[in-house]
1. When the residues of the range 300-330 are narrowed to those that are within 16 Å of ligand 1 (Cβ to nearest atom) and more than 19 Å from Gly362 (Cα to Cα), which ends up least open to solvent (accessible area, probe 1.4 Å)?
2. When you check Pro409 against the structure, is it modelled with pLDDT of 95 or more, away from ligand 2 (no atom under 16 Å from the Cβ) and more than 19 Å from the chain's Cα centre (by Cα), yes or no?
3. Exactly one of these conditions fails for Ser354: (1) touching a Phe, Trp or Tyr at 6+ places or on another chain (Cβ under 8 Å); (2) within 21 Å of Leu394 (Cβ to Cβ); (3) within 16 Å of ligand 2 (Cβ to nearest atom). Give me its number.
4. Just checking, which of Val483, Val462, Val501 is within 13 Å of ligand 1 (Cβ to nearest atom) and more than 18 Å from Tyr68 (Cβ to Cβ)?
5. I'm checking my understanding of the structure. Among residues of the range 47-78 that are open to solvent by 20 Å² or more (accessible area, probe 1.4 Å) and not in a helix (DSSP H, G or I), which one is nearest to ligand 2 (Cβ to nearest atom)?
6. Val376 is checked against (1) at pLDDT below 95; (2) open to solvent by less than 20 Å² (accessible area, probe 1.4 Å) and fails just one. What number does that condition carry?
7. Which pairs turn up if I take residues in the range 302-327 that are free of Cβ contacts under 8 Å to residues at least 24 places away in the same chain and look for partners that are within 16 Å of ligand 1 (Cβ to nearest atom) and acidic (Asp, Glu) with beta carbon separation below 6 Å, at least 6 apart in sequence or on another chain?
8. How many of the residues in the range 379-393 are open to solvent by 10 Å² or more (accessible area, probe 1.4 Å) and part of a helix (DSSP H, G or I)?
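The values are calculated or read from the model by the stated rules, or taken from the named source; none is laboratory data. Just so it is clear, the model here is predicted, and its values are computed rather than measured. Cβ sites come from the backbone with ideal geometry, for glycine too, and all protein chains shown count toward neighbours. To get the accessible areas, we keep the full protein, side chains included, count just its heavy atoms, and leave off ligands, DNA and RNA. Shrake-Rupley method; radii C 1.70, N 1.55, O 1.52, S 1.80 Å.
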Amino acid sequence: MSTHTTAAGHAPASGWKEWVLTTDHKRIGVLYLIGSMAAFGVAGLMALIIRLEQMELGMQYVASATQYNSFLYFHGAAMVLAFLIPGLTGFAANYFLPLMIGARDVAFPRINAFSIWLFYFAIVLALLSFVIPDAPDIMWTGYPPYSVTTTGNTAFYVFTVHLLGFSSILGAVNFLVTVIYMRAPGMGWNQLNIFVWTTIAAFVLQLIFIPVLAAAVTLLLFDKYMGTHFYDPSAGGDVLLYQNLFWFYSHPAVYVIFLPAVGILMDIMATMCKNRIFNYKAAVYAGIWGIVAIGGIVWIHHLYITGMPDWIRLGHMVTTLLISVPVGILVLSFWGTLYKGAITYNTAMMYAVSCLYLILLGGLTGIPLAIPSMTVHLSETSYVHAHFHFIMALFSAFALFAGIYYWFPKMTGRYADGPIATLSFWLNFIGVNVTFWPLFIIGKEGMPRRYWNYEMFSDMTVFGYTFQQFNTIATYGSWIIAVGMLLQFMNFIKAAISGPVAPLNPWGSKSLEWTHTASPPGPGNFGDTDVVVDENWSPYEYNRG
Ligand code: HEM
Ligand SMILES: [Cu+2]
């Protein structure tokens, strides 16, 4: 292997102006991290209030049903659009993708800066919804006719989606051009980190599908404020048009979240096991691109209970079941990479291994939801709510936390691991199980989601316990998560300031972000000499007998 490296890192000027006006991909990555963590914090608080309200029958803690709905709207919309997507394709992609391919920055740094500005405008707009008198109360799905008839401010929802969508589309163009044209000389496609491949795939999905969501919400804006009737059946419109357009984007959107999460986990596992990625080519071409290919033709499983011919349901049942094949190939790659690994167990690896449990549970509980005859029973229940939290929300959130612990020494020169990190991991892991397992059990028996009051089910019991008792356990679980997350964020801040100093490559990784940069990497990333790799180089070149 012939590579020329200088790891000289020198701290750039860092007044507030340098941060606000930055075009450096690493700083933009950090700004995405701060924004997405803030979104997680506020949306998490909303979840705590919702859980508290669901602990008892009737209303005790929120002021009205409308307020409950606006909290639920904020939780769902912020968690998906302002926490996970910007955390995975904003923070992780921005900070680490250029380093992994040996590039000094992304292709269009100023456009990259504009993307982060759009993201922060959207965050401000979303937070403003807490102070305006008519907060949006339409859920993250924004279904008409309610989103047209409500007195809530649907325009806030539409403009937030526009800003975030535009930010992502610019990001997609930027990163696709970067990977195609700015890889280090000698770096072929089969030498890319899995994280780079999954990020490319996520951006391809964003480019294809975001415009459809933009169309759906723009027509909604016209219906609500300009008197058009796109979704009004009494005037020739169709309310289901919105639902189809919304899910035509939002199901592929779960892979925009899922794929980069898989990429982070693969890189962590290869490094911590000192193993090559098991079945690299199958994982890339069948796993990742298989998901991209099928991911766009399964959306009807969100609409099984709306009126449509059976052949459409059956078709999407087949494609939905089929998508477990490429997902399975990726899961097999996880286990194969772990197999016979010389495993280093640190906090990143604990989160990574727990994701194997989350994806198994989330995946298995998804199979009944792929089958129309079962979904008729399970749709709109807390079973669905528990399922997507495990498979999409928690799997990806835990992968993101794993990534933060894994790359923490590279970003700060210090470790975040330690007893507090371990304790907070266990509290989070136990907490999510205590929160969401009860919801599977009562959901199967009919406990509805999105209800602030479920008095009408007060006599329902499962194993002799009432829905309320199960909901109370779920609420206790959310408190355990709250303590775990609080400890985690305090630990991140403390570690960034005074954590134990880490060497440049503490995990002994072969990937470029570890082997060729300082901690944190300086302007231009690789000092004076460009990175060059040859055909024998691989980020997973662990020659273990
Ligand atoms: C970490 C702890 C979390 C807790 C305790 C939590 C709790 C909740 C609760 C109680 C609901 C309302 C369920 C209902 O009655 O309909 C909900 C809905 C939802 N959550 Fe979470 N959640 C968490 C994390 C996340 C994350 C990380 C995401 C990321 C995507 C997420 C996305 C959603 C979405 C999309 C909804 C549906 C909202 C709707 O019905 O419109 N949640 N969550
Ligand atoms: Cu779906």
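1. Of everything passing the filter in the range 300-330, Leu303 is least open to solvent (accessible area, probe 1.4 Å).
2. Yes, satisfied.
3. Tallying (1) touching a Phe, Trp or Tyr at 6+ places or on another chain (Cβ under 8 Å); (2) within 21 Å of Leu394 (Cβ to Cβ); (3) within 16 Å of ligand 2 (Cβ to nearest atom), Ser354 fails exactly one: (3).
4. Going through Val483, Val462, Val501 in turn, the sole match is Val483.
5. Per the stated criteria, the residue is Met55.
6. So the condition that Val376 fails would be (2).
7. Once the first residue is free of Cβ contacts under 8 Å to residues at least 24 places away in the same chain and sits in the range 302-327, no partner that is within 16 Å of ligand 1 (Cβ to nearest atom) and acidic (Asp, Glu) comes close enough.
8. 9
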